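Trainee: Handing you a structure now.
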Amino acid sequence: MRKTAFLHIGPPKTGTTTLQEILFQNRLELLGNQIFCPNEVNHISVFHYFSSRHTPLSQHRAILDEFFLAINENFKTYIISSEFFSSFQKNELQHVGEFFDSYNIDLKIVAYIRHPLAISISSKQEMLKKGFSLQELEKKSIGMRYSNLINRLREVFLPEQLIFRKFGDHKNGFDLLEDFCSSLQIRITDNRKAHKNQSLSLEAALILDHINEHQIIAKKRLPNVIKRISQIQGQAFVLSEEEINQLNPIINFELEWLQTNLAVSFDVFRPQGFTADMKEAIINSEKAQKILSGLPQI
């Protein structure tokens, strides 16, 4: 029996957390169907093993021992998922390919393609939740250069080894789990117990930015603040108008590259960014001031 390994590389902000949680929650069901997944949510242990820039830590040992045993056992399918694999350089990708080839296991790389601007917006929001301010992130390029990633993959793997899927909008009927299972030709129970990366409204995000920028509370207390402000409804978070304008040349290049090289296109997505005046008005609003004045009690 020819075995297949699927390496799901994300990249970041394409629903990786959701898929990883579902794989982990259904691990026993998958094992019963001869499908092996490492016994952790994000398969960081396997990432560390293949990386030339990281060394597996002691806590990874048990996961890796089970992984190596499974490689030699009679599983028909292996699923490894970590968005960190999308950072791999050519030599690291070659290491992955050579490893599975040495065990006569067919390797498939699975990557989702999301609008680059949507990834930038989602990434910035996630960094806000980790205690960074937008000012700190001003000079950091947060986004996805699909052209670089896909060119690296194509240098190492054959076309039939690469599975590129368009990341759609759930509001338009796109179901990530259904698409993932269809691509891998597997079945997973849809329990959807976890959804960690909840989006914030623009108002909530700018209040959080103000808190981070002025270091009003310790980072360890941020989860309680986020839980409170996440209830604020309204316009979805966007980048500043200035940053969107700066990103436009890169975004347009990536969109054109994806259309030309993968025949992947997206609907026009050009949200109106916030301005300094809008931010000031939100922070000075009665709602924001009530939240800020109550922070010492959180």
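What follows draws every value from the coordinates through simple rules; no lab data is involved. Since this is a predicted model, take the numbers as computed values, not measurements. Here the Cβ positions follow ideal geometry from the backbone for every residue, glycine too, while neighbour counts run over all protein chains shown.
Trainee: For the chain, compute the orientation-averaged projected area of the C-alpha convex hull (one quarter of its surface), in nm².
Mentor: 16.9 nm²
Trainee: Continuing with this model, one more query. Work from the charge dipole of region 202-297 (Cβ charges, +1 for Lys and Arg, -1 for Asp and Glu, about the Cα centre) and give the residue of L222, F237, V268 farthest towards its positive end.
Mentor: Final value for the positive-end residue is L222.
Trainee: Could you list, bin by bin from short to long, the percent of Cα-Cα pairs of region 202-297 in 5 Å steps?
Mentor: Histogram of Cα-Cα distances, whole percents per bin: 2, 11, 19, 18, 13, 11, 9, 8, 5, 2, 0.
Trainee: Once phi is turned into θ = phi - 60°, what whole-Hz ³J(HN,Hα) does the Karplus curve with 6.51, -1.76 and 1.60 give for every residue of region 98-109, x standing for Gly and Pro?
Mentor: With coefficients 6.51, -1.76 and 1.60, one gets 5, 4, 5, 5, 5, 9, 6, 10, 5, 10, 10, 9 Hz.
Trainee: In degrees from 0 to 90, rounded to the nearest 10, what is the angle of the helix 146-156 Cα long axis to the longest principal axis of the chain?
Mentor: So the inclination is approximately 10 degrees.
Trainee: Taking the beta-carbon count within 10 Å as an exposure proxy, list S199, S265, S133 from fewest neighbours to most. Working shown, then result.
Mentor: Working: S199 13, S265 10, S133 17.
Ranking S199, S265, S133 by Cβ neighbours within 10 Å, fewest first, gives S265, S199, S133.
Trainee: Kindly state, as a whole number, the per residue volume in cubic angstrom of the convex hull around the alpha carbon atoms of region 64-206. Kindly include the intermediate steps, with their values, before the conclusion.
Mentor: Details: hull volume 24.3 nm³, N = 143.
So the per-residue hull volume is 170 Å³.
Trainee: Counting every Cα pair in region 15-116, what percent are over 24 Å apart? Please list the in-between numbers first.
Mentor: Details: 1024 of 5151 pairs.
Tail of P(r) above 24 Å: 20 percent of Cα pairs.
Trainee: Could I ask something else about it? Could you please state, rounded to a whole Å, how far the C-alpha centre of region 95-125 is from the C-alpha centre of region 265-298?
Mentor: 34 Å
Trainee: Still on this model: Please arrange C181, C37 by how many other C-beta atoms lie within 10 Å of their C-beta, fewest to most.
Mentor: Ascending Cβ contact count within 10 Å gives the list C181, C37.
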